[in-house]
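Following: one structure in structure tokens, then a few remarks.
The values are calculated or read from the model by the stated rules, or taken from the named source; none is laboratory data. Model, not experiment: these values are computed from the prediction. Glycine gets a Cβ as well: all are built from the backbone with ideal geometry, and neighbour counts include every protein chain shown.
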Amino acid sequence: MNNLILLLKAISVGLITGIILGIPLGPAVIESINRTVAINLKAGMEVAIGAVFADLTYILLINLGFKNLFYKSKYTEPLFWIIAGLVLIIIALFSYKKTTCIQKNNGCDGIYTKNKLLHIGFLRGYLITFTNPLTPTLWITLSGTLFMDWYKFGTLYYITFIACILLGMLLWFSILNLLAYKGLKVLKEKKNCNILSVFLNITILIIGIGFVIWGLIKFTKIL
């Protein structure tokens, strides 16, 4: 009975933790919503799944003992900021350049683009999250706090807790994308759909530029 209660606790606490971690509107969340607005709900969720897999990659690396790699060189963090910024800038520019709005079912159902890169939603979500320097920082911090607490209870509860964190994050992604998709029914005009997509792309571009500038500032401090 106690084991069952502990398992249910691992599930519930993991889901709640995942949702809380997903609440801040980071670059991956914005890009996921942008893809939902620009193309469809499936495209937005592809970005979300890619982002969660990037988180999973870091969790696996940390558990395999690669945590110290992120602190091995003083240049690692500035490089992460610059690379993350460049990834966001490239994605934003390609999206802005090649998107055109179309009408379906008397409403703005999405934006069609001829750029094949825009259809690799999973890869975009993965790259945005994996190159974000805040991602390894988050999981390294949790590995020394919450993760350790559940690791003491046993492997089953530890894995369940981590899996539910990722599931909670994906659940929050799904809620946001569903709300965005439902909101498209309000934006029935082609002009409105275009404006929203352009706004999201500009937001991603600004974040990318900010990341690059911050990375360069960090470089100047250690040179």
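Tell me, which residue of the stretch 12-38 that is modelled with pLDDT of 90 or more and among the small types (Gly, Ala, Ser) is farthest from residue 159 (Cα to Cα)? Per the stated criteria, the residue is 32. Among the residues of the stretch 54-81, the one identified as exposed (fewer than 15 other Cβ atoms within 10 Å of the Cβ), in contact (Cβ under 8 Å) with a residue 60 or more places away in the chain and farther than 28 Å from residue 205 by Cβ is 74.
Here residue 48 qualifies as touching a Leu at 6+ places or on another chain (Cβ under 9 Å), at pLDDT 80 or above and more than 26 Å from residue 148 (Cα to Cα).
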